Amino acid sequence: KIHIKINQIPMEVEKGTSVLVAAKKAGIHIPTLCAHPDLTPWGACGLCVVKVEGMPKLPRACVTEVSEGASYITHDPELNKIRRTIVEMILSNHPNECLTCGRSGSCELQTLAANFSIREVPFESNVTEHPKDESTLSIVLDPRKCIKCGRCVLVCQQLQDVWALEFIGRGDHTEMMPAAGALLSESPCIKCGQCSAHCPVGAIYERDDTKKLLDAILDPELHVAVQIAPAVRVAIGEAFGLEPGTITTGKIYAALRRIGVDAIFDTNFSADLTIMEEGTEFVDRLTKGGVLPLITSCCPSWVDYMEKYCADMIPNFSTAKSPMMMQGALTKTYYADKKEIPKEKIFSAAIMPCTSKKFEIVRHKDMYASGQQDVDVVLTTRELARLIKQSGIDFLSLPDEGADSPIGAYTGAGTIFGATGGVMEAALRTGYFLVTGSEYEKITFEEVRGMDGIRTASIHIDGKELRVAIAHGVANVRDLLNEIRQARDEGKEPPYHFVEVMACRGGCIAGGGQPYNTTDEVRNARIAGMYADDQQSEIRCSHKNPFIEEIYKEFLETPGSGKAHELLHTHYQH
Ligand code: HC0
Ligand code: SF4
């Protein structure tokens with residue numbers, strides 16, 4: 001432990017703690033535009049300068065470790081003046097477009113300018129002209145608004161190991177963009193949107209598709225059906241002042257009805273269906289000697305990464321579509337038939353925590369399994385929050401409503417898909433039943449939960465050992481894949497039977513389209529919300545969802561049937 005004083009308050013902190021983090025522990029907020037708890041600090045913006053008693057220079061709190069006996073001053077009129085000048089200089093290079101900026105109201109630079117009472121900028125304005133990059137369906141890059149904090153580059157390189165964004169150029173001319181002037185669509189970008197979730201300003205943001213949904217609602221010819229993803233329900237409340245992890249499922253349904261949607265379904269229903277299809281595929285491979293490990297494929301950024309960088313693993317991928325795409329295909333077939341609505345008159349929308357889902361809906365011709373585009377538009381959690389606000393809905397005072405039938409009811413297994421390890425746990429609950437024919441009494445598999453980047457566990461079912469592995473955050477995947485490849489190339493038994501991968505740290509609860517300010521603390525709270533939703537569910541195993549049993553009986557026949565393959569499975573390409 002190290003003993004320090006911050007603003008004359010004595011405190012004890014762990015060795016290696018930065019002054020920035022120590023101050024936060026003392027309840028003192030030092031401003032910064034570049035540091036983020038997910039990323040290695042690099043002292044780029046200079047806003048976090050502090051004073052150390054007895055020392056002439058002003059160290060940057062984010063990259064300075066506390067030293068024994070030191071006394072730090074974090075705020076005084078002189079430091080305020082320095083910080084104000086830094087903000088003014090950044091503003092002189094930043095376009096004055098707050099009114100039409102997607103980050104207005106949540107922009108960290110705007111907040112600083114407001115807090116420092118900046119009324120005019122004393123420096124000459126110098127905004128670099130650069131066209132927007134709108135080449136992907138998921139995110140928009142607006143380099144003119146970039147303040148060169150580097151968060152997007154660090155997240156793309158450190159958390160995702162993708163390197164789509166790089167520091168291009170030197171000094172004042174540095175730009176954060178794909179190498180060699182390429183567009184994002186030509187870069188290795190996997191559309192995870194983590195850059196947009198970490199950008200403090202409006203330089204990278206989700207493509208806004210709210211208008212597409214509103215236009216469909218306005219069209220009297222169209223029947224608008226919306227599904228909501230597992231992770232949305234534990235995060236959207238943050239946009240209305242609720243704590244991360246608060247479950248607001250019933251209010252989301254109610255809000256969508258008031259916005260004018262005709263039918264409200266839940267992606268969690270299809271998560272249960274995915275378990276039936278993927279679970280059957282797994283048990284089939286296990287018992288008939290198919291390619292193992294089976295690797296989950298419901299995360300579109302992970303699919304994009306795999307197709308681009310590890311196509312040799314395609315045989316390992318589950319052919320089951322993601323729950324979102326299954327739900328879309330069923331909306332325009334099973335539901336359309338039941339309601340006697342022509343499928344071309346159905347507009348199918350999805351609310352997702354993810355920017356990559358915007359691209360998944362057109363990623364392969366299999367995404368048109370109904371004969372139409374199965375999902376017409378994807379809105380992220382952030383977009384839905386805006387839509388609720390612009391619709392004049394007081395979210396917090398909404399009643400809790402239910403989803404519509406028959407593809408709206410879900411089990412606890414469906415909901416935990418949103419957390420890292422959740423797909424694995426849901427699959428094990430049903431896998432146990434598929435293998436043994438009896439129910440697993442304990443229901444939960446705590447050994448696959450947690451936030452370690454790679455987790456492995458041995459599960460014993462019916463006297464057989466099942467080895468499973470879970471990775472989240474693409475940077476954690478490489479070692480795991482190499483271990484699997486090595487065993488394969490040496491003709492050895494695979495090190496695992498079943499592997500779950502999610503591209504974002506924490507899983508979908510921390511997807512690139514979730515409310516801002518996601519840290520591990522927030523991730524853990526949202527994950528706790530997912531497990532609480534599971535715990536309070538009456539039915540907690542996918543195979544026990546009565547509507548799943550019904551859809552097989554009425555429409556899909558059996559898991560893995562020809563019809564199931566036609567609608568619910570997909571192909572991958574090199
Ligand atoms: Fe996910 Fe999904 S769990 S990818 O993380 O599998 O986005 O929340 O909707 O499709 O269900 C995201 C979240 C989903 C899908 C589900 C899966
Ligand atoms: Fe990198 Fe993901 Fe952003 Fe693409 S979307 S640039 S992969 S962080």
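Things to note:
- Between helix 249-259 and the chain: long-axis angle, C-alpha atoms, 0 to 90°, nearest 10: 90 degrees
- Pairs exceeding a 27 Å alpha-carbon distance, out of Lys1/Lys51; Lys191/Lys288; Lys251/Lys442; Lys51/Lys148: Lys191/Lys288; Lys251/Lys442.
- The chain: angle of helix 520-535 to the longest principal axis, Cα-based, in degrees nearest 10: 30 degrees
- With bins 10 Å wide beginning at 0, the percent of Cα pairs of segment 106-206 falling in each bin runs 15, 47, 28, 10, 0.
- Using a Förster distance of 25 Å, the FRET efficiency for Ala311-Thr436 (Cβ separation, nearest 0.05): 0.10
- Counting neighbouring beta carbons within 10 Å and listing from fewest to most, the residues His94, His173, His472, His223 come out as His173, His223, His94, His472.
- Multiplying each eigenvalue of the alpha-carbon gyration tensor of the chain by 5 and taking the square root yields semi-axes of 42, 28, 22 Å, largest first, rounded to whole angstroms.
- Here the residues Thr380, Thr411, ranked from fewest to most Cβ neighbours within 10 Å of their Cβ, fall in the order Thr411, Thr380.
- From phi via Karplus (6.51, -1.76, 1.60), per-residue ³J(HN,Hα) for segment 283-299 in Hz, x at Gly/Pro: 4, 4, 5, 5, 8, 10, x, x, 5, 10, x, 7, 10, 5, 9, 7, 8
- Antiparallel beta bridges, as assigned by DSSP with both residues in the chain, represent about 50 percent of the total such bridges.
- Taking packing as the residue-averaged number of other Cβ atoms within 10 angstrom, the listed peptides 210-220, 444-454, 423-433 run from highest to lowest as 423-433, 444-454, 210-220.
- Here the Karplus curve 6.51 cos²θ - 1.76 cosθ + 1.60, taken at θ = phi - 60°, turns the phi angles of segment 141-152 into couplings of 10, 10, x, 5, 8, 5, 9, 6, 6, x, 4, 4 Hz, with x standing for Gly and Pro.
- Of all DSSP beta bridges in segment 2-75, antiparallel share, percent nearest 5: 80 percent
- Degrees between helix 381-390 axis and first principal axis of the chain (Cα, 0 to 90, nearest 10): 80 degrees
- By other beta-carbon atoms within 10 Å, ranking Glu129, Glu277, Glu14 with the fewest at the front produces Glu129, Glu14, Glu277.
- Length added when fully stretched, Met11-Lys24, from 0.36 nm per residue minus Cα-Cα: 3.5 nm
- Maximal additional length on extending the Ile454-His364 stretch stands at 29.4 nm, based on 0.36 nm per residue less the C-alpha distance.
FYI, it's all coordinate maths here, none of it is from the lab. None of the values given here were measured: they were computed from a predicted structure. Quick reminder, even Gly has a Cβ in these numbers, built from the backbone with ideal geometry, and neighbours come from all protein chains shown.
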